[in-house]
Amino acid sequence: MPTARSRTLATLSTLCLLAVFGPAPHLIAQCATINYPSQLLRSSYTIPWSGAVFGRSVDMDGALMVVGSQGRAEVFRLSDNVWIHEQTLTPPDDVHGGFGTAVAVEGSRIVVSDAGHNGDEGAFYVFNRVGRSWTPDPNNPVLLQRHPPQAGARFGVSIDVSGNRIIVGAPGYDNGSTLGVAFHFVPDSRRGWVEGILIPSSGHFNRSVPTGFGHSVAIDGDIIAIGMPSGLLDPVGAPGRNFTGRVSIHEKDNGFRSSGTLQAKDPTDGDRFGFAVAVHAGRIVVGAPERAQPALGIGSVATTRPAYRSGGVYVFDRQALGRYGQTAILAPDEYCTGGYTTAFGSAVAVFGGGIVVGAPGARGVQGSGEAYLYEQTSSRWIERSFLTYRAAGRFDNAGKAVAFNGEFVAVGAPFYDRYAGLNMMYSAKP
């Protein structure tokens with residue numbers, strides 16, 4: 001197991017392009033340092049090549065972390081700066097098909113979804129901490145769609161929790177007016193979990209053209225962000241563009257109806273804006289993993305390779321109800337990292353002044369994957385750490401899932417070692 005190391009890739013005089021646009025000034029930052037994992041976590045499966053895909057999903061809340069795999073979820077707790085396995089969660093209905101598709105944790109509640117449950121109808125499960133154990137919610141051990149259930153809805157392909165609210169994406173659900181919805185659950189002392197439904201603004205109603213609404217969801221307090229990365233021929237803002245993507249904003253002050261829609265200022269066909277979303281303290285981070293990038297680097301180190309779809313991440317900050325200003329675009333600097341980066345923005349996490357970005361298609365056709373840690377200093381964003389693993393193999397997909405609690409970064413590599421999977425922990429401290 002490697003220990004945490006970092007080394008400077010270039011002298012302080014070497015400048016690398018961070019590619020940040022919008023209202024904030026274009027930013028030039030020094031090359032990031034390489035960070036290696038401080039701890040490697042593996043599945044509790046006894047047969048490592050069983051296709052556990054451990055690390056397919058991950059979430060953190062303080063000293064608590066949950067990692068999804070195929071048919072189970074593993075709970076870890078931080079103790080003396082080491083992540084210790086606490087418990088393995090399995091579905092109480094004993095249906096293991098897609099359990100672990102997405103995971104979310106906050107306080108004494110863990111939510112695990114199964115988007116493949118019962119012919120891709122989907123389901124999710126709530127676990128509460130009772131004493132020292134995590135136990136299924138006694139009132140609703142298995143939560144299904146209630147509008148009514150539809151095959152192919154993929155209910156649970158994305159999930160998040162904040163306080164007593166659970167948001168579940170169902171991008172294949174036909175609501176009659178739009179294809180793709182998100183469900184909003186809150187607890188009730190008599191009726192258990194009460195369900196509501198979230199849909200995009202009327203400008204995005206088009207059942208014949210799937211938008212992917214619900215492919216990604218995020219909630220923090222009174223703000224919900226829902227990604228719709230497909231956006232086929234979306235007529236709003238960018239007529240004629242295919243798979244440009246949008247993010248729908250739903251706020252408590254507007255009754256959680258759609259209060260606004262985010263889009264890139266520089267949309268192009270195929271960006272998949274909204275493929276991943278994260279929300280924290282009024283800041284929304286949006287991944288566009290197929291955004292086209294120009295050749296990177298400046299001066300004598302500029303590359304000559306033409307633009308290609310390496311991906312990008314957009315940062316929005318709240319200004320008022322339904323109004324969010326785009327303040328930055330983050331892009332990988334391949335001169336600094338020394339290789340091709342693809343699918344940058346497939347997974348994102350935000351906490352305070354830090355953003356973590358997963359790029360599971362990185363390293364060319366090998367797809368070993370990587371992740372990046374960005375830090376905000378005053379009005380500047382710098383690429384602080386390039387997160388990698390020196391023994392990474394081909395097609396590991398590291399960065400398919402990421403999580404961040406301000407002190408540690410978790411990076412899932414679900415295809416590591418013949419699909420056994422791996423979850424890599426990095427220290428986010430300078």
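Please treat every number below as a calculation from the coordinates, not as lab data. Note that the structure is a prediction, hence the values are computed from the model and not measured. Cβ coordinates were reconstructed from backbone atoms using ideal geometry, including for glycine residues, and neighbour counts include every protein chain displayed.
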Spin-label model distance (nm) - Val186 vs Asn128, 7 Å beyond Cα toward Cβ:
1.8
Among the aspartates and glutamates, which have Cα under 18 Å from the Cα of Lys265 when same-chain residues fewer than 8 positions away are ignored?
Asp234, Glu290, Asp317
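Sort 175-186, 341-352, 104-115 by packing, meaning the average of other beta carbons within 10 Å per residue, with the highest value first.
So the peptides 175-186, 341-352, 104-115, ranked by packing, come out 341-352, 104-115, 175-186.
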What spacing in nm lies between the two simple spin-label points modelled at Arg380 and Val82, each 7 Å away from Cα in the Cβ direction?
3.9
Taking the Cα-to-Cβ direction at Asn164 and at Asn139 and moving 7 Å from each Cα, how far apart do the two end points lie in nm?
0.9
Sorted by chain and then number, the residues having a modelled amide H within less than 5 Å of the amide H of Ser38, at least 5 places away or on another chain, are Met425, Tyr426, Ser427
Work through the residues other than Leu144 whose Cβ is under 14 Å from its Cβ and net out their charges, Lys, Arg +1 and Asp, Glu -1.
-4
How would you classify the range 120-225 from its alpha-carbon gyration tensor, with a ≥ b ≥ c the square roots of the eigenvalues: rounded for a/c under 1.5, else prolate if a/b is greater than b/c, otherwise oblate?
prolate
Which value, in debye to the nearest 20, gives the size of the charge dipole of the range 93-215 about its Cα centre, when Lys and Arg are +1 and Asp and Glu are -1 at the Cβ?
300
Estimated FRET transfer efficiency (Ala281, Arg257; beta-carbon r; R0 25 Å; 0.05):
0.65
Pull up all non-local amide H partners of Glu86: gap of 5 or more, or a different chain, and H-to-H distance under 5 Å with H placed in the peptide plane.
Val75, Phe76, Arg77
Per residue of the range 169-175, in order, report the coupling 6.51 cos²θ - 1.76 cosθ + 1.60 (Karplus, θ = phi - 60°) as ³J(HN,Hα) in whole Hz, putting x for Gly and Pro.
x, 9, x, x, 7, 9, 8
Residue-ordered couplings for the range 79-91, obtained by feeding phi - 60° into the Karplus form 6.51 cos²θ - 1.76 cosθ + 1.60 and rounding to whole Hz (Gly and Pro as x), are 9, 6, 6, 10, 8, 10, 5, 9, 6, 9, 9, 10, x
Taking amide hydrogens as modeled 1.01 Å from N in the peptide plane, which residues meet the under 5 Å criterion relative to Ile197, leaving out close sequence neighbours?
His184
